[in-house]
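> My questions will all concern the structure given below.
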Amino acid sequence: MKKFFTLGLLCISLGIIYLYKNDITRVYKKTFINKSTKVTLDKKNKYYKNESFNYVQITNDFTPKNKQDLYNIYYTAINAGKKEFTFYCNEEYKDCLNEVKYLANNQLTLSNINNYVNPFNGFKHIETTYDTAGKVTINVYHTYQTEDIEAVRTKINEIESNFKDDSLSTIDQIRKYHDYIIDNTVYDSARSDKGEANYKSDTAYGSLIQGYSLCGGYTDAMALILDDMGVTNYKVSTDNHIWNAVKLNNKWYHLDLTWDDPVTNDGTNLIEHDFFLISTEELKKIEPLEHNFDEEVFSELKQN
């Protein structure tokens, strides 16, 4: 009799939990999720860029109310160099978790967001976890490890100390760095053609330390130097290519070191300037296929 009585109580308890699970979740949200207004970005590392763009903006509000807010939170956390960051969905934002799930699985959008941060804060992989109560945690796995950052940083400091000349215009300074990177880097054809990963050629380490690079390495190296110069920039990418976008005198230009470092049949090292700070109109005339970028994402470049 006692056994049946205990089982009966258990069934009643489970029934109550089932019937009132929405109320329990609501209480949980009121108790914990409403604390989301207190979520802050307590620390930013030295590679943080205090810049907003058309596609993503820095935010201090970590309670998203729409999809753009989600993009801004991801950008702000990644841009600050966070390895982990937690925020909470607004209870009134009914589609929040669905859109978090979509974003977490949308590699193209995540890659686009990644293009706007300093390369040392960029990720090779990012994971998002969430629960039904609206708690969202971002885990960022960075492309550059500490030892690589130190080596690249030392090399860039050396280059900048040799080339810094306050008498030069910003454009002429960029040209000197453009030419140095190309003159000291060989396009990694073995990896591009055969997939042989002998160098870290998709990063600035490959370009500046090992002397072998793919388009990602050229672009990261230039982006790091542009950030040091205080020149607003980001990376522009397509399915097969990536290069730099640079803002000068309130206008945006394309800067593609990869295409200015042509691969020659006899191995001759050439430096070209066909893709040096050119407008979108000029870019489309010269090479419209590999540079067919999304003008809705990189919309600053539409004005050219």
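> Has the range 182-195 got at least one residue that is at pLDDT 95 or above, farther than 20 Å from D239 by Cα, in a helix (DSSP H, G or I) and not acidic (D, E)?
Scanning the range 182-195, I find at least one residue that is at pLDDT 95 or above, farther than 20 Å from D239 by Cα, in a helix (DSSP H, G or I) and not acidic (D, E), so the answer is yes.
> If only one of Y144, Y205 is in a helix (DSSP H, G or I) and aromatic (F, W, Y), which one is it?
Y205
> In the range 208-239, which residue that is assigned to a loop (DSSP other than H, G, I, E, B) and at pLDDT 95 or above is most open to solvent (accessible area, probe 1.4 Å)?
This residue is G230.
> List, please: which pairs have Cβ atoms under 9 Å, are six or more places apart or on different chains, and start with a residue in the range 81-98 that is in contact (Cβ under 8 Å) with a residue 40 or more places away in the chain and open to solvent by 80 Å² or more (accessible area, probe 1.4 Å) and end with one that is part of a loop (DSSP other than H, G, I, E, B) and β-branched (V, I, T)?
If the second residue must be part of a loop (DSSP other than H, G, I, E, B) and β-branched (V, I, T), no pairs are left.
> Now for a separate question. Kindly establish whether E290 is at negative phi and either hydroxyl-bearing (S, T, Y) or part of a loop (DSSP other than H, G, I, E, B) (or both).
Judged against the criteria, E290 is a match.
> Y187 - would you say it is open to solvent by 50 Å² or more (accessible area, probe 1.4 Å), aromatic (F, W, Y) and touching a Lys or Arg at 6+ places or on another chain (Cβ under 8 Å)?
Taking the combined requirement at face value, the residue does not satisfy it.
> Test of understanding: among Y199, Y144, Y212, which residue is touching a residue at least 12 places away in the same chain (Cβ under 8 Å) and under 28 Å from N105 (Cα atoms)?
From the options Y199, Y144, Y212, the qualifying one is Y144.
> Assess whether K49 counts as being assigned to a strand (DSSP E or B) and within 21 Å of Y234 (Cα to Cα).
no
> Give just the number: which of (1) in contact (Cβ under 8 Å) with a residue 60 or more places away in the chain; (2) open to solvent by 10 Å² or more (accessible area, probe 1.4 Å) does Y116 not satisfy?
Result: Y116 fails condition (2) only.
> Shifting gears a bit: Taking the conditions exactly as written (outside any loop (DSSP other than H, G, I, E, B), open to solvent by less than 20 Å² (accessible area, probe 1.4 Å), touching a residue at least 40 places away in the same chain (Cβ under 8 Å) and β-branched (V, I, T)), does V152 satisfy them or not?
yes
> Specify which of the listed residues (I113, I138, I126) is under 15 Å from the mean Cα position of the chain (by Cα), closer than 22 Å to F298 by Cβ, among the aliphatic types (A, V, I, L, M) and in a strand (DSSP E or B).
I126
> May I pose another question? Can you tell me how many residues in the range 266-304 are within 25 Å of T203 (Cα to Cα), open to solvent by 70 Å² or more (accessible area, probe 1.4 Å) and among the polar types (S, T, N, Q)?
Residues that pass the stated criteria total 2.
> Answer yes or no as to whether I174 is without any contact (Cβ under 8 Å) to a residue 40 or more places away in the chain, open to solvent by less than 60 Å² (accessible area, probe 1.4 Å), farther than 30 Å from N90 by Cβ and not polar (S, T, N, Q).
Judged against the criteria, I174 is not a match.
The values are calculated or read from the model by the stated rules, or taken from the named source; none is laboratory data. Keep in mind the model is a prediction, meaning the values are calculated, not measured. In this analysis, Cβ positions are derived from the backbone assuming ideal geometry, glycine residues included, and neighbour counts consider all displayed protein chains. These area figures cover heavy atoms from the full protein model, side chains too; ligands, DNA and RNA do not enter into them. Shrake-Rupley method; radii C 1.70, N 1.55, O 1.52, S 1.80 Å.
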